[in-house]
Structures are given as structure tokens and as C-alpha cells.
Amino acid sequence: MRKIYLLCFLFLLNGLSAQKKDKLYPITIYEKVWSEKNSETRLKLIKSIWLEDSTFEDPSASVKGITAFNNVINEFYKKNPDVVLTSGSKVIKDNYVTWEWKITDSKSNVIMTGRDFARLNGKGQVSKIIGFWDKEVSVSEADNLKKLESDNFNVVAQYFECLFKTKDFIKMSTLIEDGAVYNQAEGLPYGGTYKGFSEWTKMFTKSAEFSSFEIEKEPVYFSDASKNEVIIYFTIKSTAKKSGKSISMPISEHFDLKNGKIVAIRAFYFDTKQFAEFLKSRK
């Protein structure tokens with residue numbers, strides 16, 4: 001009987017390992033894409049994991065589609081022809097993967113480090129990549145960063161609770177630094193840059209004129225404690241006030257924090273154009 005239990009346990013472990021490998025396959029190809037300097041060869045690799053509605057965003061670019069993504073890498077190698085890219089271990093949560101990477105020159109000098117967040121579509125393809133550029137973090141800081149990460153998660157979780165569940169804007173105001181900046185996509189009816197919590201509340205009020213929101217999938221949390229950053233991925237169900245239609249939309253939000261308070265938020269929508277058209281639609 002013990003042997004049967006052992007065999008079942010090993011079978012389960014093998015199954016979990018296979019699932020993990022399947023999810024990592026598009027990330028493995030994605031890393032090969034960035035290491036391939038020949039544009040035509042690279043384009044073939046991109047097509048195997050990238051769709052025309054897949055998006056790539058980092059501080060230098062925001063693009064959608066196969067050719068546009070390939071052009072981003074072409075421009076990168078025009079400016080940095082001899083660099084080498086390496087990456088660290090992957091963290092997988094549901095269909096999300098995050099990992100750190102490093103770029104060095106021909107003499108192994110570090111040029112840049114960073115972190116990428118990937119959303120997969122469950123079919124061996126990448127739906128979205130968001131890249132952030134970081135500074136290197138020494139090992140001696142690990143314990144402090146772990147505590148900072150926990151504290152930052154707690155602040156963001158309270159903000160999320162106040163905004164979508166309790167509607168407690170008084171408590172929310174205690175989480176926001178004076179002069180904090182909120183960037184909403186320009187294509188939305190309430191898009192733009194809002195500075196200070198009083199402006200944030202105006203933006204929240206305006207958004208409520210177009211739609212009601214409820215959480216369809218709770219957020220997944222990632223962080224870069226070295227820069228006081230937290231990323232959350234979640235799905236909302238939105239019902240338009242004008243048309244009565246509903247839509248489910250995956251969203252990611254990038255939080256910057258300082259001294260336990262939120263100093264900036266930037267929201268990313270799975271399809272900003274589609275969401276904007278939905279909000280403006282009529283019966």
C-alpha cells in the first residue's frame with residue numbers, strides 16, 4: 001500500500017513539474033528572442049509566442065504586435081551591438097511569471113539590471129510583458145528588503161480594499177502621500193495625470209459616471225522592494241452606465257511607495273482602446 005501511495009505522490013510531482021515547464025516554455029523562447037541579433041531569425045521566434053494583440057511595455061517603449069516588438073529589439077541592438085543578456089530564476093503564479101535580468105557589455109561590466117513581468121494566455125503564448133529597470137541590490141540587504149516588501153504589500157492591499165470593496169476614501173487618504181501622482185491611460189474618458197488625493201477623488205468620481213466596477217479576479221502581487229515598487233494584476237467586471245453592457249478586463253497597476261505611503265500609481269489595461277470604446281458606447 002505504501003508503494004502505491006509513493007507512486008501516486010511521484011506521479012503528482014511529475015505532473016506539477018510538467019505544468020511548470022509548459023508555462024516556462026514561452027518565457028524560454030522570449031529570452032531567446034532577446035538574445036538573437038539576426039532580425040529575420042528573431043522574427044520567426046517571436047511569431048511562435050507572440051500575437052498581434054500581445055503588448056510590450058518598458059520605460060523606453062510601449063508597443064503592440066509582432067513586427068513592432070521586433071523593431072524594439074532591432075533598435076536596442078543598434079544602440080548596444082555587443083551586449084549580453086542573462087536572467088535569473090522565474091517565479092510563477094497562475095499565468096504570471098516574473099524574473100530579474102542583467103545586461104553586460106563585452107567586458108562583463110554591468111550596464112543595466114531589471115525585472116520583467118509576463119502574463120501568459122495559457123496556450124503557450126505571451127499576452128503582455130511589462131519591464132522595469134532596476135539598480136543592483138546587494139545580498140546583505142535581503143532581510144530588510146523582505147520586510148519592506150511585506151509592508152508595501154500591506155499598504156497596496158489596504159488601498160485596493162478601500163477603492164473596490166469598502167469605498168472608504170477617508171482611510172485611503174491616509175495611505176496616499178501629499179502630491180502623489182496617478183496616471184490613467186489618455187484614451188479613457190477620465191484619462192490623464194492627477195496630482196494630489198483631491199484630484200484622485202475627482203478622477204474616481206468621473207470614472208463612476210461611466211461605469212460600475214466589481215472584482216472578478218483578486219489581485220496577484222509582485223514587487224521590487226529595492227525601488228519601493230509593487231505590481232498587481234487583477235480582473236474587473238465593468239458595467240457601462242450608458243449602454244448597460246458588461247465587460248471583463250485584466251488590469252495591472254504599478255505602485256511607487258515611499259516611507260509606507262503611495263506616491264504614484266500607473267494603470268495598464270489589457271486593451272485600452274477596447275475599454276475606452278466600451279465606456280463610451282450607448283444602447
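The table below gives the values:
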item: Amide H contacts under 5 Å for E36, placed H, 5+ residues apart; result: none
item: Beta bridges by DSSP in the chain, antiparallel share as percent, to the nearest 5; result: 90 percent
item: Residue-averaged 222 nm ellipticity for the chain, from DSSP H runs of 4+ at -39500 (n - 2.57), nearest 500; result: -12500 deg cm²/dmol
item: Solvent accessible area, Å² - F76, 1.4 Å probe, full protein context; result: 40 Å²
item: Eligible aspartates and glutamates near K245 by straight Cα distance, threshold 15 Å, same-chain separation 8 or greater; result: E209, E214, E277
item: Potential lengthening between T67 and T235 on full extension [0.36 nm per residue; Cα-Cα distance subtracted]; result: 57.7 nm
item: Accessible surface ranking that places the most exposed of E218, E57, E186 first, with a 1.4 angstrom probe; result: E186, E218, E57
item: Correct option for Cα extents along the principal axes in Å [calculated from the coordinates] among (1) 58, 39, 35; (2) 62, 51, 48; (3) 59, 43, 33; result: (2)
item: Listed residues D22, D256 arranged by accessible area, highest first, probe 1.4 Å; result: D22, D256
item: Helix 2-35 vs. the chain, principal-axis angle (Cα, 0 to 90°, nearest 10); result: 80 degrees
item: By accessible area with a 1.4 Å probe, ligands and nucleic acids excluded, highest first: order of V230, V181; result: V181, V230
item: Accessible area in square angstrom per residue, the stretch 53-122, 1.4 angstrom probe; result: 50 Å²
item: Label zone at T174 (point 7 Å along Cα-to-Cβ), backbone N below 19 Å, the stretch 245-264; result: 258-263
item: Too-long pairs where the Cα-Cα distance tops 31 Å, listed order kept, from K47/K78; K195/K280; K195/K273; K78/K128; K64/K171; result: K64/K171
item: Three-way shape label, the stretch 235-283, alpha-carbon gyration tensor, a/c 1.5; result: prolate
item: Area accessible to solvent at R119, 1.4 Å probe radius, in Å²; result: 20 Å²
item: Using alpha-carbon coordinates, inclination of helix 197-210 to the longest axis of the chain, degrees; result: 90 degrees
item: Per-residue HN-Hα couplings for the stretch 245-258 [Karplus 6.51, -1.76, 1.60; θ = phi - 60°; Hz; x = Gly/Pro]; result: 7, 10, 8, 9, 9, x, 9, 10, 10, 9, 9, 9, 10, 8
item: E209-A185 pseudo-label distance in nm [points 7 Å out on the Cα-to-Cβ vector]; result: 2.1 nm
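The values are calculated or read from the model by the stated rules, or taken from the named source; none is laboratory data. Quick caveat, the model's predicted, so the values are computed rather than measured. Virtual Cβ from ideal backbone geometry, glycine too; neighbours counted across all protein chains shown. What goes into the accessible areas is simple: the full protein's heavy atoms, side chains included, and nothing from ligands, DNA or RNA. Shrake-Rupley method; radii C 1.70, N 1.55, O 1.52, S 1.80 Å.
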